[in-house]
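Notes for the one structure printed next.
The values are calculated or read from the model by the stated rules, or taken from the named source; none is laboratory data. Predicted, not measured: the structure shown is a model, and the values here were computed from it. Cβ placement follows ideal geometry from the backbone for every residue including glycine, while neighbour counts extend to all protein chains displayed. Surface accessibility is based on the protein's heavy atoms, side chains included, excluding ligands, DNA and RNA. Shrake-Rupley method; radii C 1.70, N 1.55, O 1.52, S 1.80 Å.
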Amino acid sequence: ADVAYLRSVLPSTTDDAFFDYLATLDASEVTVTAIPEGSVVFAKVPFLQVKGPLLVVQLLETTLLCLVNYASLVATNAARFRLLAGPDMKLMEMGLRRAQGPDGALSASKYSYIGGFDCTSNILAGKLYGIPVRGTIAHSFIMSFRSLEEVQPRELPPQAGGDPVDLAALAVSWLQRVCDLLQTPPAKANQGELAAFVSYAVTFPCDFQGLLDTYCVRRSGLPNFCAVALALHQLGYQAIGVRLDSGDLAQQSKEIRRVFRACGAHFQVPWFETIPIAVSNDISEQSLEEFRREGSEIDMIGIGTNLVTCPLQPSLGCVYKLVEVNGSPCLKLTEDEEKMTIPGMKTIYRLYDAAGHPFMDLMALEEEPSPSAGQELGIHVLGQLGETTKVIPTAVELLHRTYFRDGQVCEPLPSLLEVRTHAQVSLNLLSPAHRRLHEPQPYPV
């Protein structure tokens, strides 16, 4: 069918033998070597090498570039957010509504996870790839309630067993006590919001969470959440967190933590002081830097638009170039020096210093002898081709592995979790001077 379609769109003078030839093509003569998925790769280093009949490897060009460009871009963007957030902050990808269509959204969820995010709000990504899924209560759910009379059912049995309790009535009694502690009028707490919290808590008593900013965090969302959470606690359950979606997130998180600590101490509920606080609302790299600079009590960050659309660099320019034909090296000469290619099939080595950090990637022709640890090497740094530099690596790593040969996958393909773990290890091996996001020290190749 594909050959028939090509016959319909190519010139009518095209030789029939060409279409007969296309029908015989297969990948059995193709060999693919690559740097393992999840590795840190630097500019000019060929991370994928394809050998085979010229027409076959030419046909693979667009497909391979499509597969690696967006994937590498999103994983890199996610890694930048992870580096800024630090290793302990929970990061949730929630970009489905902003992504470039459903395919882009699914890819973004997958590659954000590789880049260091902990979970996704994209349920399909969880189903297909095994990525942990997390989400929070929605504004529209809270706004759909008007009063406690709408809550059905409203009774909840204690976790230890016993007769069901009217959770709505119990929450109202706790609201008065919480408002007395916070010195805020109970009448200012929105009744529809309280009803939404109660309804959610009855349905998910072991996973109760609150979205605090539908109306007013201080006068409504926070006291309503505390009232329902303390009512649940009285029945043996424990709330799992809150989310903020507007305003000064860092400052509000500190105010919320103070309230949680006050409630925990006053009502003698120690775990209340450590209820996780999640934030969202167009989070960017600048937002994370501000959180770190100002200090915050944030435990989890949901990032969407600035993660999946990569606004700081909307595309990645990986290229696929011919470097050798029948053993003869090829060199693309162009007036744009950046587009000049480096001829010949290459072997790639990563050189490590005594501290265990990679300090240089070395490209050599396939037939050149392999460098070894402790050996002095005379190298030319790209961009400084007139100079020779001497280096002595403490360790040498061969980066490329053969993944496909004779029509078969010949290297076990890692799971998504293994790729994610490898990506974090690769990033952590880099020297802090190379890893910093502002004015990093260039990594030589």
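Of note:
- Unit charges at the beta carbon, dipole of the stretch 357-445: most positive-side option, 421, 379, 410: 421
- Along the axis of the charge dipole computed for the chain (Cβ charges of +1 for Lys and Arg, -1 for Asp and Glu, origin at the Cα centre), the listed residues 56, 354, 33 are led at the positive end by 354.
- Summary of the geometry: the stretch 393-419 and the stretch 60-74, compared by the centres of their Cα atoms, lie 18 Å apart.
- Considering only alpha-carbon pairs that sit under 8 angstrom and 6 or more positions apart, the relative contact order computed for the chain is 18 percent.
- Cα-centre dipole for the stretch 1-84 with unit charges at Cβ (Lys and Arg positive, Asp and Glu negative), debye to 20: 680
- In loop segments of the stretch 357-445 as defined by DSSP, the GluC sites (Glu not before Pro) with at most 15 further C-beta atoms inside 10 Å of their C-beta are 366, 367, 376, 387.
- Solvent-accessible surface of the chain, taken per residue with a 1.4 Å probe and all protein chains present: 53 Å².
- Estimated inter-spin distance, residue 16 and residue 4, nm [label 7 Å along Cα→Cβ]: 1.7
- Largest to smallest principal axis extent of the C-alpha atoms in the stretch 77-309, angstrom: 48, 37, 31
- When the GluC sites (Glu not before Pro) in the stretch 18-69 are filtered for DSSP coil states and for at most 15 other beta-carbon atoms within 10 Å of their beta-carbon, the remaining sites are 29.
- The count of lysine pairs in the chain that are at least 8 places apart or cross chains, and whose C-alpha atoms lie under 26 Å apart, stands at 20.
- Residues of the stretch 342-363 with amide N under 20 Å of the 7 Å Cα→Cβ point at residue 51: 342-350, 362-363
- The chain, accessible surface, carbon-and-sulfur percent (1.4 angstrom probe): 54
- 3J(HN,Hα) from dihedral phi, the stretch 379-388, Karplus parametrisation 6.51/-1.76/1.60, rounded to Hz, x for glycine, proline: 10, 10, 6, 4, x, 10, 5, x, 10, 10
- Distance in nm between pseudo-label sites at residue 133 and residue 342 (7 Å out along the Cβ direction from Cα): 4.4
- Sparse-neighbourhood loop sites, trypsin sites (Lys or Arg not before Pro) in the stretch 96-131 - DSSP loop, at most 15 other Cβ within 10 angstrom: 97
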